[in-house]
1. Every residue in segment 70-100 that is at pLDDT below 95 and over 15 Å from ILE128 (Cα atoms), please.
2. Scan segment 113-162 residue by residue and report those that are among the small types (Gly, Ala, Ser) and surrounded by 18 or more Cβ atoms within 10 Å (Cβ to Cβ).
3. Considering every residue within segment 4-14, establish whether at least one is over 21 Å from the mean Cα position of the chain (by Cα), buried (at least 18 other Cβ atoms within 10 Å of the Cβ) and not assigned by TED's automatic domain parsing to the domain that holds TYR131.
4. For segment 207-230, give me each residue that is aliphatic (A, V, I, L, M) and either under 19 Å from GLU35 (Cα atoms) or in the same structural domain as LEU41 (by TED's automatic domain parsing) (or both).
5. Scan segment 15-56 for residues that are without any contact (Cβ under 8 Å) to a residue 40 or more places away in the chain, surrounded by 12 or more Cβ atoms within 10 Å (Cβ to Cβ) and in a loop (DSSP other than H, G, I, E, B) and jot them down.
6. Does LYS72 satisfy being free of Cβ contacts under 8 Å to residues at least 12 places away in the same chain and assigned by TED's automatic domain parsing to the domain that holds LYS175?
Amino acid sequence: MGIIKSWSFSAKQNFDACPYKFYHKLVLKTPRPPEPEDSPLKRGTTLHKLAEDFIKSPDLQSVPKELSNMEKEFESLYIDAHSGAGYKVEEPWAFTSEWEPTGWYSDDVWVRMALDLQIGTESTKGRIIDYKTGKKDGNELKHMIQGEFYALGAMLKNPNLQEVKTEFWYLDHNKITAKLWNRKQFKKLKSRWNAIGIAITTTEELNPKPAKYKCRYCEYSSACEFAIKKEDL
């Protein structure tokens, strides 16, 4: 076992971008600066909560004005969620290194997933919806890979699930991308993500990968001796 004991999709992204982030987080325990009130992260959290509360409402309500550019889509989503197939919002999934379900904070947790919305994933056909804010163009491939990760988790949670559609709802662009995954792909997906997880959790070196764009948006850049800062450009 390496320095990183457990991982997630966002951890994979950070690891690919710059493993040294984990050195700051896990070894140095560098404090992260507080998010400003107008930060994109806080706005994204707000929109996610509005979408969650809308779906969880016992009766169909008006779509919040902040989501009104996708009003028809959200109304249809509400109807599907309450159609009897069953839905869950913000459910945390956690697995051991053997890909067995475990608790989010259990000692044997190895990988974690958190889903915005799932519909029918406890039957034979399901949907997984992930809300996105901010930029769409250029992120579609990354999000498709994230969908693959979630599809694997859904098939692990329910061995009877034969197919699952992952959808990414770009709330600022009134766009939805989707991809269908099926049980025939399960072994390939599990093998691929198992190799990714092993690479992350067995590494004993967290080397920096400084780059202008990555350092600009890194929460540890002000404290990192390797960061490329504005004054260095």
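The values are calculated or read from the model by the stated rules, or taken from the named source; none is laboratory data. Given the structure is predicted, the values throughout are model-derived calculations rather than measurements. Glycine also receives a Cβ, built like all others from the backbone with ideal geometry; neighbour counts cover every protein chain displayed.
1. SER83, GLY84
2. GLY120, GLY126, GLY147, ALA151, GLY153, ALA154
3. no
4. ALA223, the sole residue that qualifies.
5. The answer is GLU35, and nothing else.
6. yes
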